[in-house]
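A short worksheet on the structure shown next.
The values are calculated or read from the model by the stated rules, or taken from the named source; none is laboratory data. Only a predicted model underlies this, so the values are computations on that prediction, with no experimental measurement involved. Backbone-built Cβ (ideal geometry, glycine too); neighbour counts: all protein chains shown. These accessible areas exclude ligands, DNA and RNA; they are computed on the full protein's heavy atoms, side chains included. Shrake-Rupley method; radii C 1.70, N 1.55, O 1.52, S 1.80 Å.
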Amino acid sequence: MAAPLVLVVLVAVTVRAVLYRSSLAAFISERVEVASPLNAWKRVVEGLALLDLGVSPYSGAIFHETPLIIYLFHFLIEYAEFVFMVSALGNLWSFSLVQFKKQKFLIELDKYAPDVAELIQTPMEMHYIPLKVALFYLLNPYTVMSCVAKSTCAINNTVIAFFILATIKGSAFLSAVFLALATYQSLYPLTLFAPALLYLLQRQFIPIKLKSKSFWLYTMQYTALYLCSLVVIICLSFFLLNSWDFIPSVYGFILSVPDLTPNIGLFWYFFAEMFEHFSLFFICVFQINVFFYTIPLAIKLKEHPVFFMFVQIAIISIFKSYPTVGDIALYMAFLPVWSHLYRFLRNIFILSCVLVVCSLLFPVLWHLWIYAGSANSNFYYAITLTFNIGQILLISDYFYAFLRREYYLTHGLHLTRQDGTEAMLVLK
Amino acid sequence: MAAAAAALLLLLLAAAAGPGRVGAGRARRDALREELLLSPLPAGDVAATFQFRTRWDADLPRGAVSHYRLFPKALGRLVAALGVQELHLALTQGFWRTRTWGQPPLQAPAGAELWVWFQPTVTDVDKAWKELSNILSGIFCASLNFIDSTNTVTPTASFKPLGLANGTDHHLLRYAVLPREVVCTENLTPWKKLLPCGSKAGLAVLLKAERLFHSSYHSQAVHIRPICRDASCLAVSWELRQTLTVVFDTFSSGQGKKDWSLFKMFSRTLTDACPLASQSKVYVDISPKNKEKELLEVTPAPASVYEAIVQGDKRTYAVYDLLSPSLFNTSRSLNVQLKWKRPQDTELPTPVLHAQRYVSGYGLQTGEISTLIYNTHPYRAFPVMLLETVPWYLRLYVHTLTIITKGKENKPSYIHYQPAQDRRRPHLLEMLIQLPANSVTKITIQFERALLKWTEYTPDPNHGFYVSSSVLSALVPSVIAMKDVDVEQSPLFTSL
């Protein structure tokens, strides 16, 4: 596997290096799909410039990065391209180490119906999954663009990738630390707490029962680790700048969505056009949307935390307040892990077409609206809406496919009605 | 987006002691002096500057005053109630074209400009400022009530108190410009009503709205400040200065002739002085250009000629004293006329300092504001203080700020930047830039347009968004050495 991996790395690094040197880099970094107010490189540079002028970077409405990012780039501003390259490779490294093992299936094989052997992945197929994931992440045009635009989203993705690696490897401590770091960076990864905890519990063979003492003990332990690392990171940030200004400027900004710069998300248009007195209510509704799905998913997918994690990452990237294509690239990298679900997907072709066409239409309608003046924000938002519906359908398709496979695994592939004729499985 | 540079020069005050009739005012403790300065500009324009100065030897802010004579009660009570130290309000329509017209006698940016120093006793400056702008809005029928935190700034270095002041704690200063404000008759009428004689007598007779707004430039202002009562400066007097500058294009309205008269410009003539005024004078700038005398002819012949040094130039003025009985002996009204004896081809020397500003870029996403500042002095370099106020919906990126003089980067020696906060406060950028002799300095900064909520658009947004003028403050070196003389006594043109 090493040779193809090296090849992938070489190709990925070359593509990025060429794009950095080309005139496209400036164009890409101005794209609203790639750089949001939260993670645009231009704003990082502005924050550093403000710091140099002796003004708090958080006193304005431009800079919304965390203090750790300021200090990271304060020393590495000359090597920014290098940092983003390394962060992409860090992603690769962590993904390639993640062995998405399904020991559970092998252990519980005897429970399954006799004719489902073809549904279970062979070790050979499993072997290539890390390579495919790496390929999907590194060569995804979304990732390439977000890396070329130097969007700090790439760094957040790396932190989340490390978190996944630490969780899958079973290191509760590192998992909690990286989860805290990811939460500190962009708040929403908070919801990944549930899948991580479920996975770690499963790995420790602790049954998920509310009455079990060991369950509560482990949960408390993990929560304490997570909260402690979060407090340490936040206090560290406080001491770096000696002020709490970053809390409203980063987390208040994420939650209250004051900057309505268009992006591929659902917030900007909605809140630009809304009656002022409804906006607080709808901000609550929109934000709850991101966090709310965690509870039903945790109940439904408590036996399958890795899939839960994938769905949760996808939900974050769809419903977060300032999404960029870099966020989408993160969950798309996981798609090869679920290659065994392909036979159950119902409209993957249409959905991939929708996503590709929408991605191409974004710059077109942006041009019509902003430069040609022949369209308006409704046109751009229509594409945003279609793109997000495409993503939502894709995720629910995967979710139903997963449930169907589970059903077939226990009930056999060939279902029969009570009268003996072949039956169709209908999910309702 | 209309953006223009207006320059504000804080010039050294220079004058020779002029004749004053303060003695008469002393007894009554308040005095009004009215002046009109008419100066022909190149290309056939004529600038008329009115100044009405009311000086009152009373201690206004103590609130001990209840009897108002010349000083308008509305403004007096405002100063007393809100703890105003100094007030400067200007309402302007059009741009003063500094490059061709020379330095303006009174400077104001397009739209409404208000800057106020509060007294140190005022605890909540923002509240007082809000209240003040609302009251002034009522007094002058202007949209000053739209002054709020999104267009108010507290400059640190650009403004100094023009009157007596103990300290210059800039936390007591508030500055706001409404570049979109349209100035019209409804602003002029309340302004005229503040004059002791109204528009019934004196120079104010000429202020006919119909003519004043049929002009290239119109600017009216109110300045209130404390001044020394006498040379020992033990007591404080209050000065209200009402000024109005108007520029008529006589060339195009006079069938290609540059000759003008008071009647042609204002469709009125002067018949008497304001009975309440202790001084009432008309000055006409008849400075010989090109050292050729007798280029122009003024009728009636002036009673006296006054020579002064204004902004480094030697100027000659014809003076008409409306209070002297001999003036109205021959004719019942005064209609100053000016005739050019031969075609005037001289141009005003380019002013030492002038500036221009424009927006570049296309599309609605990003853009760039460029300011060009010219120093045309042949051998002297001098620093200027540049103040930029940009509304929050243009997100300035201060790391893109470049200052280039003669192809080289020019580093400002002082820079104060206060970034904007969405829907709360504007950007404030103040820089002290050294201008080398005979140079052009280009200052550029990039911005990004924010997407506004539907309620945040101004009426008729297709017309564009207005950015207020920059303010340039400079100590301009003069060719002729300046003398610092008692300002209070000197006529209008020397005290600018």
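Miscellaneous remarks
- Solvent-accessible surface ranking, highest first, for A:89, B:162, A:394 at 1.4 angstrom: B:162, A:89, A:394
- Between residue B:322 and B:280, B:281, B:282, the built amide H atoms are under 5 Å apart, and every one of these is 5 or more places off in sequence or on another chain.
- Modelled label positions at residue A:231 and residue B:356, each set 7 Å beyond Cα in the direction of Cβ, lie 6.4 nm from each other.
- Within segment B:136-195, chymotrypsin sites (Phe, Trp or Tyr not before Pro) in DSSP loop having at most 12 other beta-carbon neighbours inside 10 Å: none
- Counting charges near residue B:212 (Lys, Arg +1; Asp, Glu -1) among other residues having Cβ under 12 Å from its Cβ returns a value of +3.
- The mean number of Cβ atoms from other chains found within 10 Å of a Cβ in peptide A:87-94 is 0, as a whole number.
- Highest-first arrangement of B:365-375, A:9-19, B:226-236, where packing means the average Cβ count within 10 Å: B:365-375, A:9-19, B:226-236
- Local electrostatic count, residue B:118, Cβ distance below 9 Å [Lys/Arg +1, Asp/Glu -1]: 0
- For segment B:331-337, putting each phi into the Karplus relation 6.51 cos²θ - 1.76 cosθ + 1.60 with θ = phi - 60° gives couplings of 10, 7, 9, 9, 10, 5, 10 Hz, in residue order, rounded to whole numbers and with x for Gly and Pro.
- Computed from Cα atoms, the angle from the helix A:279-292 axis to the main principal axis of chain A rounds to 40 degrees.
- Label zone at residue A:127 (point 7 Å along Cα-to-Cβ), backbone N below 19 Å, segment A:1-33: A:1-8
- Shape of the protein assembly as shown, Cα gyration tensor, a/c cut at 1.5: prolate
- Cα-based Rg of segment A:185-334 normalised by 2.2 N^0.38 Å, two decimals: 1.20
- Theoretical ellipticity at 222 nm over chain A - DSSP helices of four or more residues, -39500 (n - 2.57) apiece, nearest 500: -20500 deg cm²/dmol
- Across segment A:337-346, coupling constants 3J(HN,Hα) worked out from phi with the 6.51/-1.76/1.60 Karplus curve, θ = phi - 60°, read 4, 9, 4, 6, 8, 4, 5, 9, 6, 9 Hz, and Gly and Pro carry x.
- The fraction of Cα-Cα pairs per 10 angstrom bin, counted from 0 for chain A, comes to 4, 20, 31, 27, 13, 4, 1, 0, 0 percent, rounded to whole percents.
- Counting Cβ atoms of other protein chains within 10 Å of each residue's Cβ and taking the mean over peptide A:55-62 gives 6.
- Counting only protein heavy atoms and using a 1.4 Å probe, the accessible area of residue B:321 comes to about 50 Å².
- Shielding by partners, peptide B:420-427 (average Cβ within 10 angstrom, other chains): 3
- Close amide H contacts of residue B:260 (hydrogens built in the peptide plane, cut-off under 5 Å, sequence separation of 5 or more or a different chain): B:338.
- Rounded to 0.05, the FRET efficiency of the residue B:457 and residue B:74 pair, given R0 = 25 Å and the Cβ-Cβ distance, is 0.15.
- Based on C-alpha pairs under 8 angstrom that are at least 6 apart in sequence, chain A has a relative contact order of 20 percent.
- Filtered chymotrypsin sites (Phe, Trp or Tyr not before Pro), segment B:429-464: DSSP coil and at most 16 other beta carbons within 10 Å: B:457
- Computed accessible area, residue B:307, all protein chains, 1.4 angstrom probe, square angstrom: 110
- Nearest-10 value in Å² for the accessible area of residue B:45, using the 1.4 Å probe: 20
- B:46, A:6, ranked by accessible area, largest first (probe 1.4 Å): A:6, B:46
- Residue-wise HN-Hα couplings along segment A:148-163, as the Karplus relation 6.51 cos²θ - 1.76 cosθ + 1.60 with θ = phi - 60° gives them from phi, are 5, 6, 6, 6, 5, 4, 4, 5, 4, 4, 5, 4, 5, 4, 5, 4 Hz; Gly and Pro carry x.
- Between the amide H of residue B:435 and those of B:382, B:384, distances stay under 5 Å, these residues lying 5 or more places away or on another chain, with hydrogens modeled in the peptide plane.
- Accessible-area ranking of B:69, A:417, largest first, probe 1.4 Å: A:417, B:69
- Among the trypsin sites (Lys or Arg not before Pro) found in segment A:185-266, those both in a DSSP coil and sparsely packed, with 12 or fewer other Cβ atoms within 10 Å of their Cβ, are A:209, A:211.
- Exposed chymotrypsin sites (Phe, Trp or Tyr not before Pro) absent: longest stretch of chain A, with sites in DSSP loops and at most 13 other Cβ within 10 Å deemed exposed: A:1-204
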